[in-house]
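Only one structure is covered here, and it is reproduced in the block below.
Each value in this text was obtained by applying a stated rule to the coordinates, not by laboratory testing. These numbers come from a predicted model, not from an experiment. A quick note on method: Cβ atoms are made from the backbone with ideal geometry, for glycine too, and the neighbour counts reach across all protein chains shown.
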Amino acid sequence: MVEVEKKYARTLELNAKHRSSLPGTKVLCQDIRSYVPETDLKVDFIIGGPPCQTFSAAGRRAAGVPGTSDPRGTLFEEYVRLLVALRPRGFLFENVYGMMGAQEGEAWQAVKSAFKSAGYWIQYRILDAADYGVPQHRERIFVVGYQEGQYLFPRPTHGPDSEDHEPYFTAGSAVEGVDVSDATLGLRGQYGYLLQDIPPGLNYSFYTEKMGHPRPVFGWRSKFSDFLYKADPDAPVRTIKAQGGQYTGPFSWDNRPLTVNELKRLQTIPDAYELVGNRQVCIEQIGNSVPPQMARILALSILDQVFNVALPFELKYLPQDESLGFRQRKRQKTDEYVQKAQAAIARIDYANESTHVNRQSQSRQQTTRYLTEQFGWLSATRGRCSTMRVQYDFTASQWLFQVHQVEEGTDYIESYEILISPKNGNTWILPTQSVKLIAGDFSGSTFTSLWKAFEEKLVEITGIADLVQLNGYYQYPSRLQARLNFLVMPQDGLWPITAAIVKSTGVAKQLSGADFQTLLNLSEQNVLPFFEQLRRLGYEIRNHNTNPQIRTGDYLIPYAFPTLNPRSVQLRKSLRDADR
């Protein structure tokens with residue numbers, strides 16, 4: 001076994017030395033690119049799954065899939081190198097199904113051609129682990145290579161595509177009797193309280209307008225599907241992820257995080273198999289692995305067909321031209337989720353329930369807020385802050401915000417206004433027709449504070465999470481339109497260009513620096529400095545250095561308004577190369 005991560009290799013070593021799970025296994029902790037097999041090594045079969053981050057859903061959301069343009073996406077070449085060197089009778093290759101669509105299919109064609117050029121016939125399919133007795137829906141592509149004979153993938157043993165329509169193995173059955181003595185109660189943080197009302201099987205989308213929630217908190221498809229996802233004990237869970245944040249599910253139907261022991265069961269890892277590391281390291285190992293039950297069924301099919309080992313039972317196989325129905329069934333789930341959400345909403349008395357949401361409009365008010373260097377928006381000063389004077393005036397026709405920086409020598413001059421309204425006649429959750437932000441000076445802090453003041457009241461009055469939820473996730477059409485009008489002509493050339501960004505020019509698109517030069521009338525030397533200026537205004541800007549999925553020389557501005565806050569991952573990344 002070759003494993004590059006020391007923290008994962010420790011688990012393999014422990015189970016190889018002290019347990020019966022991996023008897024006699026030799027574990028090498030090194031980069032596969034530096035591994036050269038011994039000249040006398042005889043290998044019958046190779047099993048592997050090169051890192052999949054470059055083809056994953058997370059990569060797609062970050063700004064497209066780099067596929068083989070990322071070094072991790074070319075590790076399959078090392079796989080091929082070992083096939084050529086060792087000449088096994090066959091191999092099993094696993095990856096995320098996004099590999100097939102990366103780079104408009106070019107990466108997948110390269111992978112297939114490389115395996116064939118190594119001298120192997122190949123068969124491949126996207127399979128769902130739940131179809132093979134795993135209490136988890138987990139879609140992955142599997143490639144089986146062989147030199148002689150033929151290979152067919154095994155027919156599902158569970159679900160509608162199984163021969164006897166054997167019911168899925170459910171999450172509730174899987175975790176029955178497991179040790180949960182280390183379970184924690186509830187879920188903390190800003191959104192922790194929301195978990196309680198989410199019906200089992202649903203996620204954050206329960207709190208969206210599309211699901212019929214009377215007090216939406218999130219925009220439709222504005223989060224990953226595992227955000228606040230609560231498992232259903234009567235069905236397999238959704239895919240367990242290796243990496244995630246505080247609100248990444250699956251969570252227990254008992255409204256708490258699942259324990260490592262429960263997650264092992266849901267992945268079909270035996271109780272006796274020990275995982276080394278803290279909770280997060282254990283979850284990484286679970287989420288990165290192929291469920292052993294899934295691997296078992298595939299191994300039996302390979303023993304039968306590639307190695308001609310007689311099995312003590314008959315294994316059914318799928319004809320090459322037969323399609324499985326898990327994708328279609330998944331698409332049909334939305335109606336079921338809506339019905340479940342509406343039934344749950346009907347059981348909750350939202351009209352009389354005490355809640356943090358304040359839906360009362362506010363007339364003229366004035367207050368002081370403090371903007372931190374990390375884009376925090378505070379009611380009391382803490383550390384180095386810009387002091388901002390904010391005035392509100394809310395009516396049914398318009399919310400008005402007036403903001404200026406309170407600094408010695410700074411006069412209040414109405415410098416520009418930003419007009420915000422629903423796009424293309426859409427409706428929105430705000431109890432007003434439009435929003436106007438008026439800047440009392442041309443400081444960068446004032447620009448950022450205008451949006452922060454708006455977002456603060458948006459959250460306070462409507463209960464939704466942030467401006468992104470009002471606008472919608474950037475990979476979908478924006479639901480907002482905004483325009484920056486100058487009341488006094490600015491001296492700094494940054495402002496006309498910022499006005500173009502507010503109007504969504506070049507926003508939500510991955511474009512080259514040259515494209516931005518043309519769109520925004522920038523000189524070649526000013527592209528990167530301009531984006532760094534936008535970062536100082538609180539804009540999230542991405543490029544290859546912040547997100548390797550983005551091509552070198554390209555940039556992405558996800559939103560027409562600033563979204564950085566102290567919790568933003570992007571805040572800790574630099575647009576410049578590390579050596580500059």
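Cα extents of the stretch 365-572 along the three principal axes, largest first, in whole Å?
47, 42, 33
Lysines near residue 17 by alpha-carbon distance under 19 Å, same-chain residues fewer than 8 away left out - which ones?
Within the straight-line limit of under 19 Å, residue 17 reaches these lysines: 6, 7, 26.
Mind checking the full-extension length gain between residue 34 and residue 395? Use 0.36 nm per residue of separation minus the Cα-Cα distance, one decimal, nm.
Length gained between residue 34 and residue 395: 123.3 nm.
In straight Cα distance, which lysines are under 23 Å from residue 230, not counting same-chain residues fewer than 8 positions off?
210, 241, 264, 330, 333, 340
To make sure I understand the rule: partners must be aspartates and glutamates, Cα under 17 Å from the Cα of residue 116, and not fewer than 8 residues away in the same chain. Which ones qualify?
Excluding near neighbours in sequence, the set is 77, 78, 94, 106, 148.
Which net charge results when you count Lys and Arg as +1 and Asp and Glu as -1 among the other residues whose beta-carbon is under 13 Å from that of residue 89?
Surrounding charge for residue 89 is 0.
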